[in-house]
């Protein structure tokens, strides 16, 4: 199931389920009309209070009549409890940076005010001069998780989506830590929807491609992840309680601007497109203001 949070001309902010080919969708109110299920008003209640299982029983009979172009896609989850991000979790990226990857998650937290819609502008403050891109697979946690084993860790996953971990490298290098340079408003475009885990047979075998103005910059796979998702969840849950709705962004592969001999940092007007196999595509313009 692909679940999107949308803004509709008639219904305002609501949520929808996409068809298998992601070409059309059916809104919450239309699902209610077709099934008689009294769905909750918010996407968070729909996802985390087991309503998805009820709708799945009717999914093959639903009529998807609304074009994707007729609605505005929003960040799939508003106000997640925590956004946890991993650094240097791809062998190729760590090699480019001249680092030895850690066997434990090296993490930082992005504030939820960084969340941005899958097609909205990235607003770059004029004082940022080294703006970089990072394509990442984000895990949406479906239930409260503490001290879970690797073998059971994926049971805690609700689904997956794309995360663009936009980074102000000048601030990051000055601070020598990541939070401020990656915590600027709009610096986490995500989506375009949440794909439930039953549609992703192996999250460790997904192609990842980033294009800037149609030029391929990152072309890798989650096969290159140092710490796989199940171990990330298990390791994090040994030190902190992971809550339903938490987002874990799992790191980026090689190809970022800062690792180039002649870095091609993002500038005003650039278009960044990130496509991840089975998860869709997001596309954002950089606007300096």
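Read the figures in this text as sums done on the coordinates, not as results from a lab. The structure displayed is predicted, hence computed values, not measured ones. Note that each Cβ is placed from the backbone with ideal geometry, even for glycine, and that neighbours are counted across all protein chains shown.
With the convex hull drawn around the C-alpha atoms of the range 31-165, the volume per residue stands at 178 Å³. Kirkwood hydrodynamic radius computed over the range 92-199 comes to 15.7 Å, based on all pairs of distinct alpha carbons. Sorting 262, 96, 121, 69 from the fewest to the most surrounding beta carbons within 10 angstrom yields 262, 69, 121, 96. Among 56, 163, 258, sorting on how many other beta-carbon atoms sit within 10 Å of each Cβ, with the fewest leading, yields 56, 258, 163. For the range 137-199 and the range 77-112, write down the distance between their C-alpha centroids in whole Å. First find each Cα centre; the distance between them is then 8 Å. With the Kirkwood sum run over all distinct C-alpha pairs, the range 169-289 has a hydrodynamic radius of 16.4 Å. Taking the convex hull of the alpha carbon positions in the chain and averaging its projected area over all directions gives 14.5 nm².
Built from the Cα atoms of the range 2-73, the convex hull projects on average onto 4.3 nm², one quarter of its surface area.
Which of 219, 20, 79 ends up with the largest GNM mean-square fluctuation for the chain, with Cα atoms connected below 10 Å? Fluctuation is largest for 20.
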